[in-house]
Amino acid sequence: MAVISFKCPNCDGELIFDPETQKYKCEYCGSKFTQAELDALQPAESEETDAGAADGSDEAEQETTEQQSADTKKKEGEDGGAEAVIYNCPSCGAEIVTDATTAATFCYYCHNPVVLGKRLEGKYLPNKVIPFKISKKEAEKRFLEYVGKKKFVPKAFFNKKQIECLSGVYFPYWIYDAKLQGKLQGEGKKIRVWRTGDTEYTETKFYHVEREGEVDLKNLAENALQKANVQLVKGVLPYQFNEMKDFNMGYLSGFMAEKRDIEQKAVEGNMQATMKNSAEKLMRESVQGYNALSPSVSSILSSSSLLKCACRSPRLAARIVSETNISGGRASP
């Protein structure tokens, strides 16, 4: 499996994506390149092999097959079926082990960025990516400002070595757009309270309320990585989808990235529920002027389109951007 690293044509150093300039930067000679200039370069490649197959000799393979089998079974039992994979760093030649979903990482020895290109080919190739926009230095500054305002924060949060490990990570998501036809019926209440002397009066009026129309939802997102922390994934909303760009491997250089291991069919149920709940909420919010509203009937029909997308952390997942055209509402006492 091909391992990709992007080399500077001036000094042969590693190129990484620079969030501040949105260009590719060489940390050795300081050269910067646009996406068009990077596309003209030939990224350096080496081969990635399955764990236990890095040694090409038959004798070595026979000696290690039994141990590898035991190690693989152990990893499958502990990691839920994840397979270890060995790659050779294009810069220093070291062998580094990754799990089956890693798509971009760093060499543990020379610390140069490496993109595992074959992991994101074919059906696993993302359509879009939201590139990082702040540098690691700025991220560290914001992190320290945030935790500095909190009480009872453990000292480990301020440990220099811990902060140096801060790294941007791209996470995969399934992204949906949806157009829905909706109908909502319910009972609205208007309550008026007043006093005359020592007597308090309460007047309650009941209304039959209907709403019917179209709801257009954009960029609904569903996590596509099993090992992701779901609470973290949902807690960093929203993304700026107007900043999405066509996917290119170069954006991953200098960051960590994961490929998806949850397929479309596995998220359809959650996505249908999200679309229905979002549409019902928007239709209910269009009803104004009542103290209380109790829906009795709701009907949501949808047609959705799918977009694969690789997104980033820390600002994971997506914001529901909705445009509504709700008509036919009426209220009668």
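The values are calculated or read from the model by the stated rules, or taken from the named source; none is laboratory data. Quantities reported herein were computed from a predicted structural model and do not represent experimental measurements. Don't worry about glycine lacking a Cβ; one is built from the backbone with ideal geometry, like all the others, and counts go over all protein chains shown.
Thr34 versus (1) at pLDDT 85 or above; (2) within 26 Å of the chain's Cα centre (by Cα); (3) crowded, with 16+ Cβ neighbours inside 10 Å: which is the lone unmet condition?
Every condition holds for Thr34 apart from (3).
If you scan the stretch 246-294, which residues turn out to be within 30 Å of Thr202 (Cα to Cα) and hydrophobic (A, V, I, L, M, F, W, C)?
Of everything in the stretch 246-294, those that are within 30 Å of Thr202 (Cα to Cα) and hydrophobic (A, V, I, L, M, F, W, C) turn out to be Met283, Val287, Ala292, Leu293.
Hand me the list of strands (runs of 3 or more DSSP E) wholly inside the stretch 255-333 holding 1 or more residues that are among the charged types (D, E, K, R) and modelled with pLDDT under 85. Quick ask: steps written out before the conclusion?
On the way: elements: 256-258, 292-313, 321-332.
Strands (runs of 3 or more DSSP E) meeting the threshold: 292-313, 321-332.
Quick check: is even one residue across the stretch 123-136 of a type in the set (D, E, K, R), surrounded by 15 or more Cβ atoms within 10 Å (Cβ to Cβ) and modelled with pLDDT of 50 or more?
yes
If you check Met244 against the conditions, is it within 30 Å of Glu37 (Cβ to Cβ), surrounded by 12 or more Cβ atoms within 10 Å (Cβ to Cβ), touching a Cys at 6+ places or on another chain (Cβ under 8 Å) and in contact (Cβ under 8 Å) with a residue 40 or more places away in the chain?
When the stated conditions are applied, Met244 passes them.
Would you please list the contacts, defined by Cβ atoms under 6 Å and residues six or more apart or on different chains, that run from a residue in the stretch 194-222 that is within 30 Å of Gly235 (Cα to Cα) to a residue that is assigned to a strand (DSSP E or B) and small (Gly, Ala, Ser)?
Val215/Gly182; Leu217/Ala178; Leu217/Ser322
Please determine whether any residue of the stretch 202-224 is assigned to a loop (DSSP other than H, G, I, E, B) and either of a type outside the set (Phe, Trp, Tyr) or on the phi < 0 side of the Ramachandran plot (or both). Step through it out loud before you land on a result.
Filtering the stretch 202-224 down to residues assigned to a loop (DSSP other than H, G, I, E, B) leaves 224.
Now drop any that are not either of a type outside the set (Phe, Trp, Tyr) or on the phi < 0 side of the Ramachandran plot (or both), which leaves 224.
Among the residues of the stretch 202-224, at least one is assigned to a loop (DSSP other than H, G, I, E, B) and either of a type outside the set (Phe, Trp, Tyr) or on the phi < 0 side of the Ramachandran plot (or both), which makes the answer yes.
From Lys151, Lys234, which residue is in contact (Cβ under 8 Å) with a residue 40 or more places away in the chain, of a type outside the set (Val, Ile, Thr) and over 28 Å from Tyr290 (Cβ atoms)?
The conditions single out Lys234.
Just one of (1) touching a residue at least 40 places away in the same chain (Cβ under 8 Å); (2) hydroxyl-bearing (Ser, Thr, Tyr); (3) loosely packed, with under 15 Cβ neighbours inside 10 Å trips up Thr105, so point out which.
Failing condition for Thr105: (3).
Looking at the stretch 235-252, is at least one residue under 25 Å from Ala103 (Cα atoms), among the hydroxyl-bearing types (Ser, Thr, Tyr) and modelled with pLDDT of 60 or more? Full working, then the answer.
As a first pass, look at the stretch 235-252 and keep what is under 25 Å from Ala103 (Cα atoms): 235-252.
Narrowing the set further to residues that are among the hydroxyl-bearing types (Ser, Thr, Tyr) leaves 239, 251.
Retained after the next criterion (residues that are modelled with pLDDT of 60 or more): 239, 251.
Yes; the residues of the stretch 235-252 include at least one that is under 25 Å from Ala103 (Cα atoms), among the hydroxyl-bearing types (Ser, Thr, Tyr) and modelled with pLDDT of 60 or more.
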